[in-house]
Amino acid sequence: MTSRLTPAIILRAVRIWSGLFLLAFVTSHLTNLSFGLISIDAMDAARPYLSGVWTGQITGTLLFVSLLSHFFLGLWAIYVRPTLRTNTQDIVQLLTGVLVVPLLATHAIGISMAANAGLNLGYADTVRLFWLGAPTIGLLQVVMLSVVWVHGCAGLFTWLRSKENAGRLLYWLYLLAVIVPVVALLGYAEAGREMLIAGQNGGELAQNPAMPENVTVPFAQIRQITNIVIIGSIVLAALTLAARLVRLTLQKTQEVVLVRDGGPQMVSTSALSMLDGFQRNDQPHANLCAGRGRCGTCAVRIVKSDFPLPSPSEMELRTLYRVGAPEGARLACQLKPAGGRVEVLAIYPADYTFEDARPSDAPSATGAPA
Amino acid sequence: MIALRRATAALISMLVIMLSGPVSAQTDTPILAPSTNDIHEFTRLLADERVQEWLRQQADEAETATTAEALGVRDQLDALILRTQDRISALVRTWEGLGQAPELVQGRWREQVTDDRRVQSLTFVLIFLFLGAGLEWLFRQYSNPIRRRLEITQFQTPAKRITAAITRAGLALAGLLAFAVGSIGAFSAFEWPPILFVLILNLLMAIVVIRVVGTMLLLFFAPFVPRLRLVPVSTGMARLISRTALAFAAVLVVAVAFRDVFAQVIEVFKPQGGENALLAVSVMLAGVVSLTALLCLHAGFFIAARLNPGAGSKSARKWRGFLSLLIVLSLAFWILDLRPIMWSILCIGILIVSLKLLRAWVDHAFDTAIADYMAKLPPPPVIEASDDIVADAEVEEVAEVVDPYETYRPIAQRVVRFAAIISVGFVLALIWNLGIFESAENPTVMQRLFSVLLDSAAALLIADLLWTWARTAIDRRLNAYRPPTDGSAPGPEARMATLLPLLRVVLMVTLLLMVAMSILSSMGVNIAPILAGASVLGIAIGFGAQSLVKDVVSGIFFLIDDAFRVGEYVEIDQLRGTVEKISIRSLQIRHHRGAVHTLPFGELKSMTNYSRDWVIMKLEFRVPFDTDLKLVKKLIKQVGAQLKENPDYGDSIIETLKSQGVRRMEEFNMVVGVKFMTRPGEQWLVRRDAYQGVRDIFEANGIRMAERNVKVEIAGEEALTDEQRKAASAAAHEATTNKLPPGPIPDEP
């Protein structure tokens, strides 16, 4: 087996690691937010350790680069993917991914540019802004938090599910995936209530502190850049979708008839992978990594094909080798038959998970569900 | 046609939501126990004569008032008309003030719920929703393996399929519960101003209720997993129905929630003209809901017609018209504030539709169950040529297997219909607030009428259920009965052909009488005299027709004892013949020479049945003493084998002809006994051929039958004279002709 790094493999690695880095930041930031359950002061006290470390010189740059690369890789994935109507999780991931940047723009650009100008905004200031000054922005923060977290978790779990020994860990991570944002949101809500009560009683907390001397915050510039980023990212996403549409219209497709395990005939097209063809016909098929070519559970054995099938990519070969697939097996998620009738046998049952004992060296060829 | 289900489900959900509305609005304040002072004061007052007099007067007046109320259907109608008039004038006022109403409410609303406040509350709502959704997601992640297995497995039996569908819906509901607990629970942990409380709670409740409706639709229609679908529709139809129903449910729930919020706002702030504004909003929302219902209905029917081209467009149009009319009527009565009439119309309309749908559903359930059963049956065994008689009978039995569910189909249909009608009846009673569950001292006319109707309907439906079950069971047995072909013995089911029609008539009469009695009794007619009269009459008739009764009763027991069946050859007190007809009173047997005897069962003491199971026949042959008995045995065995191979009766021979050796020695010959065993009725033919065969084979092998001869021994040497010779032959002749030995009984028919 060669260890050649094809662009596809590099891109996949970059997407995963940038995503993980961003998720780590979000988790830490949310943990900071959950201190709001104690008080706003506690949030500020924990800030240097939980949020501050991420906005240093190196980490800040890394964060920015990760965000950019992850965003553009996402757009590329939208452009390339054969179909967008795969499973719920993918659709959720796509929509949230497109929404993240416009939602994030106000928060991230505002805070970072204010910091650059020398105005260090604490949690008391932000909470005051979000709950009293501009509640609409505050509402958007909640939306953003949900969207970012859902996107991050969707990616993380899709990645982990394709790992063979992540089984036990996943159950704990699921719990964490709910606890972290919920506690953060409750912290945010509690901080907001504290702020609202202060606002009603005319407390000190609700008063805007005087702007420090010799600091001028370029509010107009911030607003302008934010708008550019928001509109730009939306336009980019729209352009990607349009380009994808053009690509699909120009693409010449053939009808493909799939037959799995001697079952009913499934009509698909040559633009779709075999897995998409199964799913389009409501035929369940094992795919733990949601068609990303990582887990190898969608592997099929080719019985007969009218036309020669395209040869497997480096990534597919690696996965097949890793899972120890038998000779003549292909990944249904990567294989796009050129046309005609293709008969295959599923190697794993449709409800296969890694908890089920993986068949030893030669997985059962029938693979039909019991 | 099947698209109607959608409307049904949606309307039922509407019913549930609207009925639950007023119940939750009720609040009760605790009542404290009276103090000692109060009690003393009360007893003092009671002792006062003036007070006593006043109380007496009040009691008298109240009595007259109750009777007036009980009788005054006319007054009630008047009150109804008055109320409707009030409502119409309120509507007119609302219509006139419609222009400013929204403005007024909007102004008030804006005054109370500022922009900031709205956004803040929305933020809170989002947080709660996220919490609920997070919990539900967690639950789903943990229960996913089970769900996936349910969706993928192929279930063999309908019961397993239904269990799987219910489990799947149960999982979805449990997730929903997690969502509700998470969101509503977190919400109620905070303190809220009343308006926001109502607003947010209504919003969260609306989301939960809509999702519950969605889950129920998932249970019945399973739009993406055809295997778990409980309702027999195609995938396209399932998706169509669940989508339209969900859309309608969403509009309905949102409308109800909105109206509730609005009513609460009006109640809290009490603005000028708030009542009219509320009425306007309610009427508007009702209009929107009805319009949505109509839209969903027509769109559903339109798409359904495209999905199933050429499937009864005429009846579909009829049902569409019916449902549209139902919706429009409901709206009209709702606007006129005649809620009971609206609910009644809605209930009865839904009942009509659902009866039809339930019937189709039960039919389909039975069809699938029968198809499953048939698929599970082993293929019919191949009949082999060498099979003997017993195996043949078995093969015939296997070929005539009928599915075990068919008898229950009409019963299931009636049970379902019964349940539907009775439940709608109870719902109607609740709607009209008739209090049929309380035993009122002086029931109103409506109460009386309704309870009579309900009782009669219940009695009729139960009787119908019993009657259908009995009739199907009896008819099935009767249809399965094949009258015996000529010459073969009838089976044990032959007596059923006699008893079952009788049973059917008796059952029908009994059921009719019981239904009539219970209806009369529920109408308040005292049925005791009728019963007493009937029993007196019964006793009189019983005495008068004692022997007739005896005949009938003993006949029933003879039949139960299976003493004889139609077609059997019996002997009763010197009378013999084939049983030709069994009636309730008597038995007719036909003698083999054609005479028909009629015997009342009461006269029967004992009887002999010649047609049961098997018959042994013994024959005797007389052979001379010098016959070779071994040869005889062998020859008879040959004859037996020949008989057994006879195509006509060979199958009926149970034990073929065999020699029993010498049975006795007589004066001049040996008696060789032979016997054989056949099925009843076949023995005569076999005997005939046995005689013939034995005679022929004896003759061929030089065995003579012994003839009666007289040896005349003459003493002395001299020859006889002619006279002496004559006398000797005459004596010999006399000896041979007299005293025939007892032969077989001449009993052949």
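FYI, it's all coordinate maths here, none of it is from the lab. Everything numeric here is computed off the predicted structure, so don't read it as measured data. Every residue, glycine among them, receives a Cβ derived from its backbone with ideal geometry; neighbour counts consider all protein chains shown.
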Shielding by partners - mean other protein chain Cβ count within 10 Å, residues of A:177-189: 5
B:M670 long-range amide H proximity, modeled H, under 5 Å: B:V623, B:F625
Segment B:T36-B:I541, extension gain: residue separation times 0.36 nm, minus the distance between their alpha carbons: 174.6 nm
B:H364 versus A:V235: modelled label distance in nm, points set 7 Å from Cα along the beta carbon direction: 5.4
Exposure proxy order (Cβ contacts within 10 Å, fewest to most) of A:D44, B:D722: B:D722, A:D44
Length-normalised contact order of chain A in % [C-alpha pairs under 8 Å, at least 6 apart]: 18
Those lysines that a straight Cα-Cα span of less than 18 Å connects to B:K356, excepting residues fewer than 8 apart in one chain: B:K314, B:K318
Cα centroid of segment B:117-191 to Cα centroid of segment A:51-108, whole Å: 28
Inter-chain Cβ neighbour average for residues B:127-139, partner chain, 10 Å: 5
Nearest-ten-degree value, helix A:314-323 long axis tilted from longest Cα axis of chain A: 80
Residues whose placed amide H lies under 5 Å from that of A:G340, excluding near-sequence neighbours: A:E255, A:V257
Label point distance in nm, B:A480-A:V267, each placed 7 Å from Cα along Cα→Cβ: 4.8
Number of partner chain Cβ atoms within 10 Å, mean per residue of A:148-155: 1
Segment B:576-599 and segment B:611-641: distance between their alpha carbon centers, rounded to Å: 35
Nearest 10 degrees, 0 to 90: helix A:40-50 Cα axis against chain A principal axis: 50
Over 31 Å between alpha carbons, listed pairs B:K605/B:K658; A:K252/A:K304; B:K618/B:K726; B:K630/B:K711: B:K605/B:K658; B:K618/B:K726
J(HN,Hα) series, segment A:99-108, from Karplus relation 6.51 cos²θ - 1.76 cosθ + 1.60, nearest Hz, glycine and proline x: 7, 4, 5, x, 6, 6, 3, 4, 5, 5
Ranking of B:K376, B:K618 by count of other Cβ atoms within 10 Å, fewest first: B:K376, B:K618
Fraction of antiparallel bridges per DSSP, chain A only, in percent to nearest 5: 70
Phi to ³J(HN,Hα) by Karplus 6.51 cos²θ - 1.76 cosθ + 1.60 over segment B:158-174, Hz, x for Gly, Pro: x, 4, 5, 5, 5, 4, 5, 4, 5, 4, 4, 5, x, 4, 4, 5, 5
On Cα atoms only, tilt of A:135-161 relative to the major axis of chain A in degrees: 30
Centroid-to-centroid separation of segment B:230-263 and segment B:667-700 [C-alpha atoms, Å]: 87
Placed amide H near B:Y610: partners under 5 Å, 5+ positions off or other chain: B:Y569, B:V570, B:E571
Proxy reagent accessibility, fewest Cβ within 10 Å first, across B:T215, B:T123: B:T215, B:T123
Under Karplus coefficients 6.51, -1.76 and 1.60, residue-wise ³J(HN,Hα) of segment B:649-656 in Hz, glycine/proline x: 10, x, 5, 7, 7, 8, 10, 7
